[in-house]
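J.: Have a look at the structure that comes next, please.
The values are calculated or read from the model by the stated rules, or taken from the named source; none is laboratory data. Just so you know, these numbers come straight off a predicted model, no measurement behind them. Neighbour counts run over all protein chains shown; Cβ positions are idealised from the backbone, glycine included.
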Amino acid sequence: MIEPPSNEKDLAKGLMPPNFPADYVEGAVKPHFVNNIAVGEPLMLPMIDLAYSKEAAVNPHVWGMLYDSWTPSLEEDGATVFIQGYENRGENNARKKIYYSAMTRDLCDKYYADKLQRFFDTLLAPEAEGKPLMSRYLENYPDMYWDLHVAATGEDVPDEVRQFGYSFNTVLGYWYPTSDIVCENYMKVRELRAPLKEWLDERVQDIMDEKVEGFEGTFVHYWVKNGELGENFRRKDIVFECFHNFLALSQWGNLFYQVLLRLSKDRGDQAIRESFDKMMSGEDPDAKDGGAFSPLDRFAMELMRVIAPNGGSYSTLQSQQRLLTSGYNAISHPHPQVNRDEKHWSDPDAFNPDRYKQAATSHENDESKLAGLGLNKCPFHAAPMKVKDGRDTELTESVFGTVYGITDGTPAPVCDTAGYGSFGFGYRRCPGELLTIDAVKLLLKTVHREGLVFEENPSSDRQKIPAAPRVVLDDDLVFHRG
Ligand code: HEM
């Protein structure tokens, strides 16, 4: 890990344009250049071994957006499960389960769906017809983001909090710290992080005091209740998770765009459009028809498989031999490749939502599956954690470590097979998966209900939209009611 030098004369000089602050060059540009990322093998099991660690597993130029010190300072300034090795998460992935307690399907149904629907109704309102879609997405995104976390929208979200999110997403999208736009927004994030944390801290207190209307429909409420402000989810960790989540939710922009592009009239994917029409005009798309997933679930999951918005599972590595290198050694196990790997699917290139009728789920993958794989034991086993927020919900895991929820005795599993890699694998698989699937489902239903037709924006004057890490889109989609 590179520590920025404390001595002025040791700072890097003359390598970047003079308007780049020296601490930025040391803390962001330099780590970016010395980071080594190896490409891992496409996985054969829905599991990542503990040798691949999540401890400090972030592209190192991002640290300065999270911490004043430009280097990780989890103990002092707040932690997120995202950058913790399994061994530091409490027993049996405790921090992950506490995080997940705010993401279970029953909460999506009861609270988050309405918030997401409000967002889609605004995004796709009649007055937005014919206007570039993604600029409107960016404009309304902060209300949806803060509504989910702390039940704040409109005037309850201060301008500097909106600006923080905008700058954070701009850095993620443009990514390369050598560019002016990244440098400028990066320094803005650093400037606004203290006021943001102050605002968040007050909001967390108000949620704890039940002073915020709709407090039980926020992520924060479940993190407080189930972490009990203990060592695996301290108050400063809750504040930290609330803004670190910009990294996670930043992927929604690109995902929603990719979904709508595939449904679009002029540039869409024929097989996906036909499958969509057939599914929506069939029997109730929301009804479970025997398996763990409804037709709409399966359609959304298949979109996730073919779009694969997240490129790979990113881990830090131990070194066996090293002298002069930076200490940043990472490996990325690719997702798009496993999703389309013939080792896993007989028809990897077909758009076939029915594949999830047979695929194993996290609820089915217990110890009994190991013998068939020639394995004696896995590093994980089911260790249910009951929530403490008054619901009859427990978080448990498959034998591969994939965490999922069971509420009122009904499991809400995920597809737990190596050919479905879009949300990662095992102990560090995405806890926001069901929320993301539900968001896609609501988007699809809105498109169908309103008869929306998407097509290319005829204007050539298109805004650039940072829509996910390393993704900047042309604002080239418009819609109208068909
Ligand atoms: C397009 C949407 C999303 C995609 C494709 C996605 C994908 C992923 C992937 C691939 C991982 C595993 C990373 C790794 O192992 O290196 C992951 C982890 C994670 N995701 Fe997501 N994610 C999405 C949305 C979300 C949302 C909406 C949330 C929260 C509300 C979220 C929270 C997290 C967290 C906390 C982790 C770390 C889990 C752990 O290390 O145990 N993600 N996500």
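J.: Identify, by number, the condition in (1) buried (at least 19 other Cβ atoms within 10 Å of the Cβ); (2) within 20 Å of residue 248 (Cα to Cα); (3) in contact (Cβ under 8 Å) with a residue 60 or more places away in the chain that residue 306 doesn't meet.
T.: Of everything listed in (1) buried (at least 19 other Cβ atoms within 10 Å of the Cβ); (2) within 20 Å of residue 248 (Cα to Cα); (3) in contact (Cβ under 8 Å) with a residue 60 or more places away in the chain, residue 306 misses just condition (3).
J.: Of all the helices (runs of 4 or more DSSP H) wholly in the stretch 255-342, which have at least 3 residues that are more than 23 Å from the chain's Cα centre (by Cα)?
T.: Per the criteria, 270-281.
J.: State all residues of the stretch 102-123 that are touching a strand residue (DSSP E or B) at 6+ places or on another chain (Cβ under 6 Å) and buried (at least 19 other Cβ atoms within 10 Å of the Cβ); if no residue qualifies, say none.
T.: Matches in the stretch 102-123: 104, 105.
J.: Determine which member of the set 440, 453, 447, 472 is more than 16 Å from the ligand (Cβ to nearest atom), closer than 27 Å to residue 121 by Cα and under 19 Å from the mean Cα position of the chain (by Cα).
T.: 472
J.: Next question, about the same structure. Find the helices (runs of 4 or more DSSP H) located wholly in the stretch 17-119 whose residues include 2 or more that are more than 30 Å from residue 198 (Cβ to Cβ), and list them. Spell out how you get there, then give the answer.
T.: Values: elements: 30-34, 63-66, 74-77, 94-100.
Counting at least 2 such residues, we get 30-34.
J.: Now a separate question. Looking only at the stretch 289-303, how many residues end up being surrounded by 19 or more Cβ atoms within 10 Å (Cβ to Cβ) and of a type in the set (Gly, Ala, Ser)?
T.: The number of residues fulfilling the criteria is 2.
J.: I'd like to know if the stretch 283-291 contains one or more residues that are among the acidic types (Asp, Glu) and closer than 16 Å to residue 447 by Cβ.
T.: For the stretch 283-291, residues among the acidic types (Asp, Glu) and closer than 16 Å to residue 447 by Cβ: present.
J.: While we're looking at this one, here's another question. If a residue has to be modelled with pLDDT under 95 and within 16 Å of residue 228 (Cα to Cα) to count, how many in the stretch 376-406 make the cut?
T.: Selection size over the stretch 376-406: 0.
J.: Applying the selection to the stretch 406-430, what residues are within 14 Å of the ligand (Cβ to nearest atom), touching an Asp or Glu at 6+ places or on another chain (Cβ under 9 Å) and not in a loop (DSSP other than H, G, I, E, B)?
T.: Result: 426, 427.
J.: Is it true that some residue in the stretch 31-54 is farther than 24 Å from residue 334 by Cα and either within 19 Å of the chain's Cα centre (by Cα) or modelled with pLDDT of 95 or more (or both)? Even if it seems obvious, please write down each step before you answer.
T.: Step one: filter the stretch 31-54 for residues farther than 24 Å from residue 334 by Cα, giving none.
So far as the stretch 31-54 goes, no, none of its residues is farther than 24 Å from residue 334 by Cα and either within 19 Å of the chain's Cα centre (by Cα) or modelled with pLDDT of 95 or more (or both).
J.: Of the numbered conditions (1) within 15 Å of the ligand (Cβ to nearest atom); (2) crowded, with 23+ Cβ neighbours inside 10 Å; (3) within 30 Å of residue 29 (Cβ to Cβ), residue 93 fails exactly one; give the number of that condition.
T.: Going through (1) within 15 Å of the ligand (Cβ to nearest atom); (2) crowded, with 23+ Cβ neighbours inside 10 Å; (3) within 30 Å of residue 29 (Cβ to Cβ) one by one, residue 93 breaks only (3).
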